[in-house]
Structures are given as C-alpha cells and as structure tokens.
Amino acid sequence: MTETRPAAPRDLSDRLRHPVPHLFVYAFAIVPAIALVAAVPLAWGWGLTWLDAGLALGMYVVSMLGVTVGFHRYFTHGSFKANRPLRIALAIAGSLAVQGPVRHWVADHRRHHAYADVEGDPHSPWRYGTSPAALVRGFWHAHMGWIFDRSLTDQRRFTPDLLDDPDIDRVHRAFSALTVVSLLGPALIGGLVTWSWWGALTAFFWAGLVRVAVSHHVAWSTNSICHLVGERPWRARDRSTNVWILAIPSMGESWHNLHHADPTSARHGVGRWEIDISAGTIRLFELLGWAHDVRWPTAKRLAKLAARPEQAPAT
Ligand SMILES: [Zn+2]
Ligand SMILES: [Zn+2]
C-alpha cells in the first residue's frame with residue numbers, strides 16, 4: 001500500500017467468463033464446501049474406510065503438488081525446467097485440483113505478483129482498506145470472493161508462453177474432462193475395489209467432494225491468510241507472510257513471504273525447520289533427471305533478502 005508502483009492499467013482482463021462455465025464456478029466452489037460441512041457428522045454414521053482415506057490422501061497429494069510444483073513454481077515462475085512428459089504430467093495433475101484451467105490459473109497468479117496488494121491484484125485482502133470491517137470483507141474477497149468475478153485475466157498479456165504450446169493448450173481445453181476424472185475417478189476405484197455402489201458413493205464423497213473442498217480452502221488460504229497475518233522475515237514489497245501452521249497441508253506454499261521476496265526460487269521454506277514438500281518433490285524430479293536448471297536459493301541471496309540480515313536463517 002505504501003509502495004510506489006505503476007498504477008494498474010485498466011485492461012488486465014480481456015473478456016468475461018461464459019455464463020455456463022461461470023455457473024460451474026459457483027457449483028464447484030459451493031457444493032464441495034457443503035460436503036465438507038456435512039462430512040463431520042456423516043463420518044460418525046458411515047465411518048471412513050481405509051480405502052476412502054487412502055484415495056482422498058492420494059488425490060490430495062497428486063492434485064496439490066500439480067498446483068504447487070506445476071501451476072505455481074514451474075508454469076508461473078519458471079523455477080526449474082522440466083522434460084516434456086513431466087511438463088504435461090504437471091499440467092494434468094494441477095488441473096485435477098479443480099482450481100481452473102492451467103492458463104487462467106497462471107495468468108491470475110502472474111497478475112497477483114505484478115500488483116501484489118495494490119490495485120490490479122485479483123485477490124488482495126487489503127482491497128477495501130485497513131479497518132476491521134474492511135479486512136473482514138477483504139478476507140472473504142481474497143479467500144474465495146474473487147473467483148466469482150466473471151472478468152478473465154488477459155492471457156495474451158500474462159501467458160504468451162503458454163498460448164504457443166500445443167501440449168498445454170490440449171490440457172487447458174481438457175479441463176472439464178479432467179474435472180470429471182478428478183471427481184468420478186475415485187468413485188470408480190472405490191466401486192471396483194468394494195464391488196458395490198455404496199463403495200463408489202463413499203469414495204466419491206470423501207476422495208472427490210471433501211478432498212476438493214479441503215484442497216480449495218488450503219490453496220485459497222495462501223491468498224487470504226498469507227497476506228494478512230504471520231511472520232515477515234523477508235524483504236517483500238507487499239504484505240505477504242509466512243504461516244507455519246499451513247506448511248504441511250499447503251505443501252510448503254505458506255512460506256509465502258519468502259516466495260514474494262524471491263518469486264523464482266524453487267524452495268519457499270528455506271529455514272532448517274521450514275518444511276517444504278513441493279521443494280522436496282522438485283529435488284526428487286531433479287535426481288530422476290526429469291527436471292534441470294533448478295533455481296535453488298543460495299546463502300548469499302538469502303542474506304540479501306533477509307529483513308534483518310543478521311537473522312537470516314541458516315540453510
Ligand atoms: Zn501472494
Ligand atoms: Zn507465486
């Protein structure tokens with residue numbers, strides 16, 4: 001807010017989302033949330049089988065890493081280079097998180113970094129001001145209100161690199177089909193393993209709806225909580241924060257203050273105890289030879305970025 005950055009131009013969006021997919025935005029934001037609220041009382045009645053729990057966890061990990069490693073650290077920020085199979089696999093895995101097609105996600109997120117917490121940011125909790133009432137409204141907007149805005153971030157301006165890529169174009173266009181796979185895939189496995197419709201239904205509920213709702217709210221917390229409360233040990237030009245309690249469910253994305261201080265870094269959790277599962281996954285891809293030119297943080301760079309240099313975490 002105190003920054004002197006260029007005012008946001010008016011043409012950050014180039015068109016409106018079509019009414020039919022927009023209806024689905026409402027459906028996919030609200031139905032899984034209702035499922036989540038219903039989940040706790042139902043859990044006592046149905047129980048949660050090991051199969052449902054395993055499917056839910058497996059889908060959570062694959063789709064979250066698809067977003068954090070794929071959509072975010074790779075496609076948005078280019079923090080490493082990937083071979084073609086990994087590039088396609090990351091685009092598909094991220095799509096399974098039902099957070100929108102890859103180019104929309106990347107365009108919104110690049111715009112977030114360009115205008116973080118100033119006019120033009122698609123999801124800043126500081127949008128309405130700093131009074132308690134403004135922050136309550138801002139929290140809702142940053143957490144999920146912003147996704148109901150029909151204007152779509154201009155892809156020619158923010159994602160020209162992805163528009164030129166036929167592989168990514170195919171995955172982008174397959175988003176609806178991948179959403180169906182994400183929701184009904186676990187039901188199919190649950191049904192086949194238990195050989196029952198009931199097994200299919202409980203797998204759909206837990207590993208489809210509830211898993212999507214939990215992953216949505218964890219991902220959205222990076223936009224809301226991690227720009228509102230938490231630690232600011234790094235020099236970022238916005239209000240991003242580190243929130244340790246979200247580190248594991250967010251796969252390391254809640255070390256968000258370091259991320260804004262050094263957006264292309266492949267590792268966001270740089271302190272000794274700052275668990276960053278996404279960074280560990282990128283390291284695994286590097287060891288397997290699927291990823292290269294990984295931008296790992298150096299001690300020298302971190303020393304420059306520390307808000308108080310003498311307190312730079314050891315790496
Ligand atoms: Zn941010
Ligand atoms: Zn980012």
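May I ask you to verify whether Ile245 is β-branched (Val, Ile, Thr) and buried (at least 19 other Cβ atoms within 10 Å of the Cβ)? Show your work before the answer.
Working: β-branched (Val, Ile, Thr): yes; buried (at least 19 other Cβ atoms within 10 Å of the Cβ): no.
Spelling it out, it is not the case that Ile245 is β-branched (Val, Ile, Thr) and buried (at least 19 other Cβ atoms within 10 Å of the Cβ).
When both residues are 6+ apart or on different chains and their Cβ atoms are under 9 Å apart, which pairs have a first residue that lies in segment 148-164 and is under 13 Å from Arg111 (Cα atoms), and a second that is of a type in the set (Phe, Trp, Tyr)?
Thr159/Phe75
Is there any pair with a first residue in segment 220-236 that is without any contact (Cβ under 8 Å) to a residue 40 or more places away in the chain and a second that is assigned to a strand (DSSP E or B) whose Cβ atoms are under 7 Å apart and which are 6 or more apart or on different chains, and what are they?
Qualifying pairs under 7 Å: Gly230/Asn242; Glu231/Asn242.
Determine whether Arg267 is within 14 Å of ligand 2 (Cβ to nearest atom), basic (Lys, Arg) and more than 14 Å from the chain's Cα centre (by Cα). Let's see the steps before the verdict.
Numbers: within 14 Å of ligand 2 (Cβ to nearest atom): yes; basic (Lys, Arg): yes; more than 14 Å from the chain's Cα centre (by Cα): yes.
So Arg267 passes the test.
In segment 270-293, how many are more than 16 Å from the chain's Cα centre (by Cα) and within 14 Å of ligand 2 (Cβ to nearest atom)?
Of the residues in segment 270-293, 0 are more than 16 Å from the chain's Cα centre (by Cα) and within 14 Å of ligand 2 (Cβ to nearest atom).
For segment 179-202, check the following and say yes or no: at least one residue is surrounded by 22 or more Cβ atoms within 10 Å (Cβ to Cβ) and modelled with pLDDT under 95.
yes
Tell me which helices (runs of 4 or more DSSP H) are completely within segment 1-117 and hold 2 or more residues being within 15 Å of ligand 2 (Cβ to nearest atom), without any contact (Cβ under 8 Å) to a residue 60 or more places away in the chain and of a type in the set (Gly, Ala, Ser), or say none if there are none.
Per the criteria, 102-114.
Might you check whether a residue that is within 16 Å of ligand 1 (Cβ to nearest atom) and within 21 Å of Ala291 (Cα to Cα) occurs anywhere in segment 85-99?
no
In this structure, is Gly70 at pLDDT 90 or above and under 27 Å from Ala236 (Cα atoms)? Talk me through it step by step, then tell me what you get.
Values: at pLDDT 90 or above: yes; under 27 Å from Ala236 (Cα atoms): yes.
So Gly70 passes the test.
When you go through Phe205, Phe175 one by one, which is the residue that is within 11 Å of Ala56 (Cα to Cα) and touching a residue at least 24 places away in the same chain (Cβ under 8 Å)?
Only one candidate passes the filter, namely Phe205.
Looking at segment 148-178 only, could you name the residues that are closer than 19 Å to Leu23 by Cβ, surrounded by 18 or more Cβ atoms within 10 Å (Cβ to Cβ) and at pLDDT below 95?
Leu152
Looking at Thr153, Thr222, Thr179, Thr159, can you tell me which residue is closer than 27 Å to Ile88 by Cα, within 16 Å of ligand 2 (Cβ to nearest atom), of a type outside the set (Asp, Glu) and out of contact with any Ser or Thr (no Cβ under 7 Å at 6 or more places or on another chain)?
Exactly one of Thr153, Thr222, Thr179, Thr159 is closer than 27 Å to Ile88 by Cα, within 16 Å of ligand 2 (Cβ to nearest atom), of a type outside the set (Asp, Glu) and out of contact with any Ser or Thr (no Cβ under 7 Å at 6 or more places or on another chain), namely Thr159.
The values are calculated or read from the model by the stated rules, or taken from the named source; none is laboratory data. Note that the coordinates shown come from a computational prediction; the quantities given were computed from them, not determined experimentally. No Cβ is skipped: glycine too gets one built from the backbone with ideal geometry, and neighbour counts run over all protein chains shown.
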